[in-house]
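As C-alpha cells, the structure follows; a few thoughts come after it.
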C-alpha cells in the first residue's frame with residue numbers, strides 16, 4: 001500500500017491525499033430501536049470532522065453503503081448524506097461517492113455522480129468490495145466486510161490488509177464507519193463475502209485503539225505501548241490458535 005495511515009475507522013492515503021470511509025449505512029438508526037438513542041447525523045458528522053481535521057485530505061471517498069435501505073432512501077437519510085457531502089466541501093476537499101450493494105437509491109441522495117469504483121492517480125482503486133471491480137488497479141481499498149476481532153474479551157472493529165490479496169495485489173479493507181453496523185467476528189469466519197479477500201488466512205487485522213492517526217505498520221509483536229497506535233496482528237493463520245483458546 002502507498003503508506004496509508006488510519007484514523008479510527010477511516011484510512012488516509014497520503015500519496016494522493018485521499019481519505020476513505022465506507023459503510024456509513026445512513027438510515028440504520030431509523031430502522032433500529034437501539035438507533036433511536038443515537039443522533040446518527042451528529043455522530044457521523046463528529047467522527048468525519050475529526051478525521052478531516054487530522055488528515056486534511058484533498059479528496060474524500062465514501063466507499064459504498066452510504067445508505068442502509070436497499071430501496072429508495074428516506075428524506076431524513078437524503079438530508080444526512082447531503083449534509084456529510086457539504087461538510088467535506090466546507091473543508092475544501094472534494095467528496096466522491098462509490099456505490100455499494102445497499103446503494104440502489106444513492107443517485108437520488110448524492111449531490112453528484114456515483115461511481116462503481118474510483119481509480120486514483122497512483123493506481124489505487126477504491127471500491128465497495130461486494131463485487132469484482134471493473135477497474136484494474138495496482139492496489140485496492142474497500143469496505144463491505146465490516147471486520148471485527150475479539151481481543152481480551154471485547155469485540156473491536158478493525159482493518160484488514162494483505163500484500164497479495166486480489167489478483168496478487170495489495171488490499172486494505174476499512175471497518176464500517178457506522179457505529180451501528182454489526183462487525184463480522186474474524187475468529188468465527190473461514191471466509192468473508194468479498195472477492196477482494198479470497199484468502200482469509202493471509203490477512204492481518206489491525207485494531208485501532210483510539211482516534212489518533214497512527215502509521216500503518218504498528219504491530220503488537222513490536223511491543224509498542226502507544227495507546228493511539230493501530231495494533232497490527234500477525235496473519236489470521238498464525239493468530240487463530242490463540243483466538244480459539246480465549
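The values are calculated or read from the model by the stated rules, or taken from the named source; none is laboratory data. Not measured: the values here are computed from a predicted model. Cβ sites come from the backbone with ideal geometry, for glycine too, and all protein chains shown count toward neighbours.
Against the conditions (1) under 25 Å from residue 164 (Cα atoms); (2) touching a strand residue (DSSP E or B) at 6+ places or on another chain (Cβ under 9 Å), where does residue 84 fall short? Just the number, please.
(1)
Out of (1) surrounded by 23 or more Cβ atoms within 10 Å (Cβ to Cβ); (2) at pLDDT 95 or above; (3) out of contact with any helix residue (DSSP H, G or I) (no Cβ under 8 Å at 6 or more places or on another chain), what's the single condition that is false for residue 56?
Only one criterion is unmet by residue 56, namely (1).
Among the residues of region 18-41, is any assigned to a helix (DSSP H, G or I), modelled with pLDDT of 90 or more, surrounded by fewer than 21 Cβ atoms within 10 Å (Cβ to Cβ) and touching a helix residue (DSSP H, G or I) at 6+ places or on another chain (Cβ under 9 Å)? Before the answer, list the steps.
If we filter region 18-41 for residues that are assigned to a helix (DSSP H, G or I), which is where we start, we get 34-37, 40-41.
Adding the requirement that they be modelled with pLDDT of 90 or more leaves 41.
Adding the requirement that they be surrounded by fewer than 21 Cβ atoms within 10 Å (Cβ to Cβ) leaves 41.
Still in the running and touching a helix residue (DSSP H, G or I) at 6+ places or on another chain (Cβ under 9 Å): 41.
Yes: one or more hits.
Out of the residues in region 201-230 that are surrounded by fewer than 19 Cβ atoms within 10 Å (Cβ to Cβ) and modelled with pLDDT of 90 or more, which is farthest from residue 140 (Cα to Cα)?
201
Of all residues in region 162-187, which are surrounded by fewer than 22 Cβ atoms within 10 Å (Cβ to Cβ) and touching a residue at least 40 places away in the same chain (Cβ under 8 Å)?
Looking only at region 162-187, we keep the residues that are surrounded by fewer than 22 Cβ atoms within 10 Å (Cβ to Cβ), and these are 163-164, 167-170, 179-185, 187.
Once the filter is applied, which keeps residues that are surrounded by fewer than 22 Cβ atoms within 10 Å (Cβ to Cβ) and touching a residue at least 40 places away in the same chain (Cβ under 8 Å), region 162-187 yields 170, 179, 180, 181, 187.
Looking at (1) in a loop (DSSP other than H, G, I, E, B); (2) surrounded by 14 or more Cβ atoms within 10 Å (Cβ to Cβ); (3) modelled with pLDDT under 95, find the lone condition where residue 77 falls short.
Here residue 77 meets the rest and fails (1).
What number goes with the only condition from (1) more than 30 Å from residue 162 (Cα to Cα); (2) without any contact (Cβ under 8 Å) to a residue 24 or more places away in the chain that residue 74 does not pass?
Here residue 74 clears every test but (2).
Here's the yes/no breakdown for (1) surrounded by 14 or more Cβ atoms within 10 Å (Cβ to Cβ); (2) in contact with a strand residue (DSSP E or B) (Cβ under 8 Å, 6 or more places away or on another chain):
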position: 63; (1), (2): yes, yes
position: 66; (1), (2): yes, yes
position: 90; (1), (2): no, no
position: 102; (1), (2): yes, yes
position: 112; (1), (2): no, yes
position: 139; (1), (2): yes, yes
position: 147; (1), (2): yes, yes
position: 152; (1), (2): no, no
position: 157; (1), (2): yes, yes
